[in-house]
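First the structure, in the form of structure tokens, and then the observations on it.
The values are calculated or read from the model by the stated rules, or taken from the named source; none is laboratory data. All of these numbers come straight from a predicted model, not from anything done at the bench. Every residue, glycine among them, receives a Cβ derived from its backbone with ideal geometry; neighbour counts consider all protein chains shown. To get the accessible areas, we keep the full protein, side chains included, count just its heavy atoms, and leave off ligands, DNA and RNA. Shrake-Rupley method; radii C 1.70, N 1.55, O 1.52, S 1.80 Å.
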Amino acid sequence: MRFTKMHGCGNDYVYVDCFRERVDDPRETARRVSDRHFGIGSDGLILIKPSKRADFAMAMYNADGSEGAMCGNGIRCLAKYVYDKGLTSRKQISVETRSGIKRLILTVKDQKVSEVQVDMGRPELTAAKIPVRSETERAQNVPVRIRGRDFLYTAVSMGNPHAVVQVKDAAGLDLARFGPEFECYRDFPDRINTEFVEILDPETIRMRVWERGSGETLACGTGACAAAVAAVENGWIRGRSVTVRLAGGELKICWDRQSGSVFMTGPAATVFEGEIKF
């Protein structure tokens, strides 16, 4: 199986072109290729497939083999792949995902994609649709006690569920202690991705993320969007645009007032290509 390893802000995935390759068991394949000691090493597997509804389709699997609905960093890299490989010559494309069709604008430098803007769609704030077990319509600033520490979370879906938590020192947080507990907390029937957010100034936040099925990752595109939405809803930032600083780089997030959509802009990079036998 031929593959390409790519990353967006350090959130890395193994990509397989299913126009040419066949993956019979994507869940097991994701587990094997993601292993950083015995496999290729990644946060998951992304399959690039034909679509009858869009230019391309994306199927995304986490490192533990579970299927995700959407991946913001992953879809930017998919856009780079299809353009750089000559599967399209268009600089505006559509991609079918489990959370709907996403529209992307590609920035090209020296005939290669360097940056991609993604229309991530409208955020979902209704608790039951995220899903989150809640006594109120929205799960905003919900108090929880995790391993002896009190937190407040705001739940947002950007195609997959997120719990956004404000902290004073994101870098100093023991994420390995709290992340797994949040992921499987009783409020979250489908498990959850958790973003721990530190407010740096009225237009900038720092974020660390614990992704369900993958653990801590260097970046999360849908998580950055969810964090920006929560920051606006809670009044943590000024306006509806924010720079999100992640361990692997920066993303620009804008929640458009007119359309209601969240737009994410960030880089995409190819790491290496290869072939693996199963």
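Report for region 1-89 the percent antiparallel among DSSP-assigned beta bridges with both residues inside it, nearest 5. Of the beta bridges lying entirely in region 1-89, close to 75 percent run antiparallel. Remark on Gln166: its backbone amide H falls under 5 Å from those of Leu152, Val197, a criterion applied only to residues 5 or more positions apart or on other chains, H modelled at 1.01 Å from N.
Lys and Arg at +1, Asp and Glu at -1: add these up for the other residues within a Cβ distance under 10 Å of Arg212 and post the number.
Numbers: positive: Arg191; negative: Asp64, Glu183, Asp190, Glu211.
Residues close to Arg212 contribute a combined charge of -3.
Of the residues Val82, Val165, Val144, the one that moves most in a GNM of the chain with alpha-carbon contacts below 10 Å is Val144.
Test of understanding: in a Gaussian network model of the chain with alpha carbons linked when under 10 Å, which of Tyr13, Tyr185, Tyr61 would top the mean-square fluctuation ranking? So, out of Tyr13, Tyr185, Tyr61, the one fluctuating most is Tyr185.
Between the C-alpha center of region 125-173 and that of region 186-256 there is a gap of 12 Å. Pairs of Cα atoms under 8 Å, at least six residues apart: use those to get the relative contact order of region 147-237, whole percent. Normalised by residue count, the contact order of region 147-237 is 28 percent.
Normalising by the residue count of the chain, find the relative contact order in percent from Cα pairs under 8 Å and 6+ residues apart.
In percent, rounded to a whole number, it is 20.
Listed cross-link partners Lys49/Lys252; Lys52/Lys277; Lys112/Lys277; Lys49/Lys277; Lys102/Lys168 are compared with a 26 Å cut-off, the Cα-Cα value being larger for Lys49/Lys252; Lys52/Lys277; Lys112/Lys277; Lys102/Lys168. Taking only protein heavy atoms and a 1.4 Å probe, the accessible area of the chain is 43% carbon and sulfur. A DSSP coil position with no more than 16 other Cβ atoms inside 10 Å describes the following trypsin sites (Lys or Arg not before Pro) in region 236-278: Arg238, Arg240, Arg257, Lys277. GNM remark for the chain: springs join alpha carbons under 10 Å apart, and the peak mean-square fluctuation among Leu104, Leu173, Leu78 falls on Leu173.
Each residue of region 118-130 was assigned a 3J(HN,Hα) from its phi angle through the Karplus curve 6.51 cos²θ - 1.76 cosθ + 1.60 (θ = phi - 60°); the sequence is 10, 7, 7, x, 7, x, 9, 10, 6, 4, 5, 8, 6 Hz, with glycine and proline shown as x.
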